[in-house]
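Read the structure below first, then the notes.
Please treat every number below as a calculation from the coordinates, not as lab data. Computed from a predicted model, the values in this text were never measured in an experiment. Quick reminder, even Gly has a Cβ in these numbers, built from the backbone with ideal geometry, and neighbours come from all protein chains shown.
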Amino acid sequence: MALDQDGVMLPRLRPTEVARRGMTFGLLSVIPLAVAAFSITDGSAREDLLSVGGALAGLLGAMFLVIGAGFWWASAADVRRLRDWNTITSQAASVTLVGPVFLRSGLFLLVLGAAALGLNLLVAD
């Protein structure tokens with residue numbers, strides 16, 4: 001990858017790339033969720049796990065998504081990858097790394113929460 005004059009990797013991150021990776025991680029996390037849910041033998045405990053876990057993941061995912069979008073907006077001119085940590089020169093510049101991390105985590109949790117709630121509906125029937 002090419003580097004600019006500050007040592008930051010080019011091309012800069014784009015929101016669509018970060019969103020695609022977060023959603024991919026969320027879809028991959030459905031497999032361990034399903035294995036864990038179906039390894040519980042008690043039906044009501046399984047429904048509780050999926051409903052509470054799905055609601056909690058959805059709530060945290062929405063909060064992380066809003067926080068990440070806010071940080072991305074605040075540092076729109078200089079969004080960096082986590083690998084660019086060594087190019088940070090001040091404490092205030094670390095904001096440039098937080099946006100993508102929270103955005104990716106928020107989408108990951110939203111997809112996981114939606115899958116858990118969907119599995120809960122499937123188990124309830």
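Please arrange T24, T87, T16 by how many other C-beta atoms lie within 10 Å of their C-beta, fewest to most.
T16, T24, T87
Can you work out the FRET efficiency for the pair M63 and S39, with r the C-beta to C-beta distance and R0 = 41 Å, to the nearest 0.05? Before the final figure, lay out the partial values.
Numbers: r = 29 Å, r/R0 = 0.71.
Step by step, r from the Cβ atoms, then E = 0.90.
What's the extension gain from M1 to L121 if we count 0.36 nm per residue and subtract their Cα-Cα distance?
Full-extension gain reported as 38.7 nm.
Using DSSP H assignments, which helices in the chain have an axial alpha-carbon span of 30 Å or above and a mean Kyte-Doolittle hydropathy of -1.0 or higher?
Within the chain the helices that satisfy the rule are 43-74, 95-124.
I'd like the distance between the alpha-carbon centres of the stretch 3-57 and the stretch 81-106, rounded to an integer number of Å.
If we compute the Cα centre of each part, the gap is 20 Å.
For the chain, modelled as a GNM with alpha-carbon contacts under 10 angstrom, which of A92, A69, A115 fluctuates the most?
Answer for the Gaussian network model of the chain: A92.
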